[in-house]
Every structure is written in structure tokens, then in C-alpha cells.
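Trainee: The structure is given below, and queries will be raised subsequently.
The values are calculated or read from the model by the stated rules, or taken from the named source; none is laboratory data. Please read all numbers here as calculations on a predicted model, not as lab measurements. Please note: Cβ atoms are built from the backbone with ideal geometry, for glycine as well, and neighbour counts cover all protein chains shown. Ligands, DNA and RNA are stripped out before the accessible areas are found, and what is left, the full protein with its side chains, is counted by its heavy atoms. Shrake-Rupley method; radii C 1.70, N 1.55, O 1.52, S 1.80 Å.
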Amino acid sequence: MATLGAQPDTWAATYRHTQLGMSALALILSILVTQRKPNDEAQHLNTWDGYVDWRNKPALKGRHGGLLAASFVLVVEVLENLAFLANASNLVTYLSNFMHYSPSSSANIVTNFMGTAFLLALLGGFLSDAFFTTYHVYLISATIEFLGLSILTVQAHIPSLKPAICVSANRNTPCQELDGGRAAMLFAGLYLVALGVGGIKGSLPPHGAEQFDESTPHSRKQRSTFFNYYVFCLSCGALIAVTFVVWVEDNKGWQWGFGISTMTILITIPIFLLGSATYRTKVPTGSPITTLFKVLVAAICNTGFSRTPENAVTSMTTTPSYTTETSEEEEGQKKQRAPNHSATENLKFLNRAVINKPVHPALGCTIQQVEEVKIVLKILPIFMTTIVLNCCLAQLSTFSVQQAATMNTKIGSLSVPPASLPIFPVLFIMILAPVYNDIILPFTRKLTKTEMGVTHLQRIGIGLFLSIVAMAVAALVEMKRKKVAALSGLLNSTKPLPITFLWVALQYLFLGSADLFSLAGMMEFIFTEAPLSMRSLATALSWASLAMGYYLSSVLVSVVNCVTGTYRHTPWLYGANLNHYHLERFYWLMCALSGLNFGFYLLWANRYKYRSSRPDTN
């Protein structure tokens, strides 16, 4: 009985212990639940908003992005530019000597090819922003370039795919140029290469620049360093191309030169893939061109509408300028991605696109979209001023090479191929780029007490001014070359003139310096100023400027020949003999156009206001 009497007490104690256990378990669960939310928030704070890794998972801070990821891009750029310039720098010689095109035709083919390659960078940038990532666009483009170079290699290797050998001691006697299916094969290979190069140029620079967090001064300085060394790596690839590969082409055969380029572009693919685990890639946000045209069309359609309560502009408070002040990382990230809820006063016409009831639902716009379009439109005049500069740069691949080919190309006992002339600006850029980044920039930052030291627009302006000097020097050198040809009685001879080709190197040095300042400055300027959703496409404008410069060069040659042929028996730039050209007059014309262009640039640069104004917190 005693035992039975104790059972209720035991059960009661057991019940009390069970209740205490359940309470403790509930307390533990509540603690875990309350701690889970901060952990989730911490996990969210450790990811890069709007960026993914190569497996399409959220990119993590500390694991993705940074200098290590960008270094893979720089190594790939060395090899990619080697593959491209190994042939482009010497292509005019290949077309003239082996495909038997005239000097002016060869020059136009080269400028059209290179112009198309750089113009297609817009396609690469557009696809990166709208549908694919910069990661995938690069891999696809490298494969296409590999296919094009393979076609050119096969044609250069098989004699039946080229015209018959033509030997003439007289420069005025033309040879039978390439035609028919063989010409189709040549241009198919060239423009597949152009398509691949365009995709690479449109995706690789923004892919590297995206690896840096722009909310801190340290990361922004690292991004600036990336653009400087991107141009440095372009020069490294060009150095190998215009020395070793050009020597192989001239001494071992073009099939070997094209073959080296083919293998080089193939090697870039596994090297690029090695960095996959470190990359952070911006998520595509749809077509930026659609946004651009939607805002423009909406503004035009809404112009005739009166302002009533039903169609009044929404939230149309205006601000004097579109600036973003950042001092801390969190605030910087927030302001970079937060929509701007007030419209700026510049380009007021576009403000009409923002109404409560648009003409058509498809034309509904936000103030943020309007402001993004304004930014792009303000960049365009600066972009247009670099076209004339790149028209001058086009001469380095065409007439400058042909000038050097008529001169004494020996340095002592060493015979230098004319296509290796770009070694002079390349070496100068390789020296100047580190000096500028590691010595000049830190000095100017301390002197001006600003983050940039030398502004983007100042760098572009220096490049434009140097292009004026380069064209004047080119004209003077050509006058000297023709004078020597006349005095030596070698105007119609294929023998080299008794004047060293190093005179032509002077214009290469000035134009190379102009390229360093303008290209790096333009790429960083556009990437920094462009809206986040349009950065790849906007950065591709730097390459599109090169394309338009090459096209402008071809147009100028045609126009000059048309105009001068009307008043003279022979146009300035016509025929198989460069000694009969009036190339010096063409260079003086380019010098004058560059001067007018520089004045136009100063007008727009002085009016431009930077989108972002950040204090230097060092």
C-alpha cells in the first residue's frame, strides 16, 4: 500500500520534470529562432547584391571579386591582344604582297576589318548587360575568334587558296589580286575574327572592372589601377605580336603567324576558366537599349500633353545636379542602387517621359530610368570627340607601315620588319603606364587633395592634344621621305630609300602616348559614370570610338581621292606606288581636323558635371 500510495507523487514529480524539460526546450527553440534571423541577415550582408558567381549562386564578399579575380582578366588580355594584333598590325603587308591588293585597297580592308571588330564590341556589351553575363560572352567570343583564325591559317598554308606569285621590279605595275571564292574565304575568316574580337572587347574590360567594390575609396583606386594596367597588358600582348610573331610571318610564313594566333586564343579559354571560382559577375537586367528608346519615345509622345491632375509629372521635384555623396561602405552601396526620386534640371525635355498616365502602358517610365538616359546622353559628346583621335590611330596600321616599307629598315646588321614599328609606342606605354599609376597619380592626389588626382576628362584631353602633334610630325616626316626618294632617283623603284625608318617611329611615339591617355581615361570615365544596368554597353563605347575612327579613315581616304581627283589628274591617295601619293597633305588635313576636334572637346568637357562626387577618405 505504501508503494501504491507513493505512485501519485512519483507521477506528479515526473510530470513536473516533463514540464520543466518542455519549457527548457521551448526556451532553446526560441533562442535559436531569435538567433536565426540575425544570421540570415548576416548572410545577406555577406553577399554582393546584384552579383553572382560562375554557378549562378550569390557572390560572397571576401571570396569573390578583388585583385585576384581581376588578375586573371589581365593575363587573358595579354594573350587575346597578342592573337589579334599579331595579324592586324601586319595585315596590310599580307594583303599587298600576298593577296596583291593595292596600297589604298589594302588600307581600306584593314581599317574596315578593325573598325568592324571594335564596333561589334557594342554587341558584346549589349549581350552582357541584357541577356548573358560577361563571363559567358567572353567564352563564346573566344570560340568564334578561334574559328576565324583557323580559316585564315588554312588559307595561308595552302598555295591554291592564294593568288599566283607576282614579281615586279616596277611599283607602277599591279599584280592580279585575290578574287572569287578565295576572296570569300579570306573575308569570312577576317570577319569571324572581328566578331570574336568584338565580343571579347565588349565583355572582358567590364568583367575585370566589376570585380571591385565601388563604395570605398580603396576599391575605387584599385579599379583605376586595373584600367591603367589593362592598357599596360594590351601593350604587353602587342609587344610580342609586333616583334616575335611579325618576324615569324615575314621569315617563316604567314601560316605560322596565323597558327600562333590560333593557338594563343585557344589557350586563353582554360586560363580564363581557372579564375571562375574567384569571379563575381553582374546579373543581366534586361535590354538597356529598350530603356533608352522607351524614355525618348515617351518624352516625344508626351510633349503635346498639357499638365493636368490626370497626367501631371510624378514626383517632379528637381535637383540642381545628380550627385551621390558617399563616405561609408553601407551608405555607398545603398545610394548606388537606390532609385533617384527627383529629376534633375538638365535635359528637361526627358522629364516629360515621367507621367501618371502615359500614352500607352508600354511607355511607362520611372524617374530613375529617365536619369539613367540623361547620363548616357551627356556622355555621348565626350565619346564623339575621341573618334577623330582614333582616326589618327588608324594610320599606324595602314599608311605608316607602308611608309616604313619603302625605307631602310635596318638597325646595324638587324633587319626590322615594317610591321614591328608599333614596338616604339608599345614600349613607351609599358614604361609610362606604371610610372603614371605609381608615381604621377599619387603625386597629383597629394597635390590636388582629391581621390582621382588627374580627372578622367583631363586624361582624355591630353590624348587629344597629343594627336594634333602626332599628325604634324607625320606630315613633316613624309615630306622628308619623299624628298629623299626624289633626290635619290628612286621614286619608281622597289629598292629601299636611303633614310632610316626610325623617322616614322616619331609619329608612333606621339600617337601611342595619346592612346594611353585617351583609352584608359575614356574606359574608366564611361564605366564610372554609366548607370549600373548599362555599364558593359557603355564601356564598349570606347571600342566603338576606335571602330568609327577606322571607318572615318576609310571615308576620308575615299572623299579625299574623290575631291582631289576632280581637280587633278591623279588623286592624292591612289595607285600602287606610295611615292606618288600626296600623303603629307592628307596628314596636314588630319592635323587640322584634330585641332578643330580638340576645340569641340574643350567646349563639352568644361560643361560636363560628374555624376558622382565622393570625398577622399583614403
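Trainee: Using 0.36 nm per residue, how much length does the chain from residue 244 to residue 431 gain when fully extended, once their Cα-Cα distance is taken away?
Mentor: Values: separation 187, 0.36 × 187 = 67.32 nm, distance 1.97 nm.
Using 0.36 nm per residue and subtracting the Cα-Cα distance, I get 65.4 nm.
Trainee: Now for a different question. Can you work out ³J(HN,Hα) from phi for every residue in region 255-265, in order, using Karplus 6.51 cos²θ - 1.76 cosθ + 1.60 and θ = phi - 60°, giving whole Hz and x for Gly and Pro?
Mentor: Running phi through 6.51 cos²θ - 1.76 cosθ + 1.60 with θ = phi - 60° gives 5, 6, x, 5, x, 4, 4, 4, 5, 5, 5 Hz.
Trainee: While we're on this one: Please state the charge dipole magnitude for region 169-273, taken about the Cα centre, from unit charges on C-beta atoms (+1 on K and R, -1 on D and E), reported in debye and rounded to the nearest 20.
Mentor: Details: 7 positive and 7 negative charges, 32 e Å.
Here region 169-273 has a charge dipole of around 160 debye.
Trainee: What is the dipole size for region 365-466, taken about its Cα centre, with +1 at each Lys and Arg Cβ and -1 at each Asp and Glu Cβ, in debye to the nearest 20?
Mentor: Values: 7 positive and 4 negative charges, 44 e Å.
I would put it at about 220 debye.
Trainee: Quantify, in whole percent, the carbon and sulfur part of the accessible surface of region 392-512 (1.4 Å probe; protein heavy atoms only). Intermediate values should be presented prior to the final figure.
Mentor: On the way: 3710 of 5080 Å².
That share works out to 73 percent.
Trainee: Next up: If the cut-off is 28 Å between C-alpha atoms, which lysines fall inside it for residue 162, apart from same-chain ones fewer than 8 positions away?
Mentor: Straight-distance partners of residue 162: 252, 495.
Trainee: Quick one: what does P(r) look like for region 519-604 with 10 Å bins over all Cα pairs, in whole %?
Mentor: The calculated distribution, bin by bin, is 15, 33, 26, 17, 8, 1.
Trainee: Here is a follow-up. Roughly how much of residue 282 is accessible, in Å² to the nearest 10, using a 1.4 Å probe?
Mentor: It works out to around 10 Å².
Trainee: Okay, moving on. If you take the charge dipole of region 43-131 about its Cα centre, with +1 on Lys and Arg Cβ and -1 on Asp and Glu Cβ, which of 51, 105, 82 is farthest toward its positive end?
Mentor: 51
Trainee: Going down the list 57/378; 282/378; 201/221; 446/609, which pairs span over 26 Å between their C-alpha atoms? Let's see the in-between values first.
Mentor: Details: 57/378 35 Å; 282/378 24 Å; 201/221 22 Å; 446/609 23 Å.
The pairs that break the limit, which is 26 Å between Cα atoms, are 57/378.
Trainee: Given 0.36 nm per residue, what is the gain on full extension from residue 414 to residue 182 after removing their alpha carbon distance, in nm? Each step should come with its number before you reach the end.
Mentor: Details: separation 232, 0.36 × 232 = 83.52 nm, distance 3.53 nm.
Working it through step by step, the gained length comes to 80.0 nm.
Trainee: Could you tell me the ratio Rg/Rh of region 401-483? Both radii from Cα atoms, Rh via Kirkwood. Before the final figure, lay out each step's value.
Mentor: Working: Rg = 17.9 Å, Rh = 15.8 Å.
Taking Rg over the Kirkwood Rh, I get 1.13.
Trainee: Give me the accessible area per residue for region 482-592, probe 1.4 Å, as a whole number in Å². Write down the numbers at each step before the final one.
Mentor: On the way: 4070 Å² over 111 residues.
I get 37 Å² per residue for this part.
Trainee: Could you please state how large a percent of the accessible area of region 563-606 is carbon and sulfur, counting protein chains only and using a 1.4 Å probe?
Mentor: Values: 1610 of 2380 Å².
Solvent-exposed carbon and sulfur of region 563-606 make up 68 percent of the total.
Trainee: Continuing with this model, one more query. Modelling each spin label as a point 7 Å along the Cα-to-Cβ direction, I'd like the residue 438/residue 136 distance in nm, to one decimal.
Mentor: The answer from the label model is 4.0 nm.
Trainee: Taking 0.36 nm per intervening residue step and subtracting the Cα-Cα distance, what contour gain separates residue 566 from residue 147 on full extension? All intermediate terms of the calculation are to be shown ahead of the outcome.
Mentor: Values: separation 419, 0.36 × 419 = 150.84 nm, distance 4.39 nm.
Gain on extension, residue 566 to residue 147, equals 146.5 nm.
Trainee: Sorted by average packing, counted as other Cβ atoms within 10 angstrom per residue and highest first, what order do 554-567, 237-250, 580-593 take? Present the calculation step by step, with values, prior to reporting the outcome.
Mentor: On the way: 554-567: 14.4, 237-250: 22.1, 580-593: 19.4.
Order by mean packing, descending: 237-250, 580-593, 554-567.
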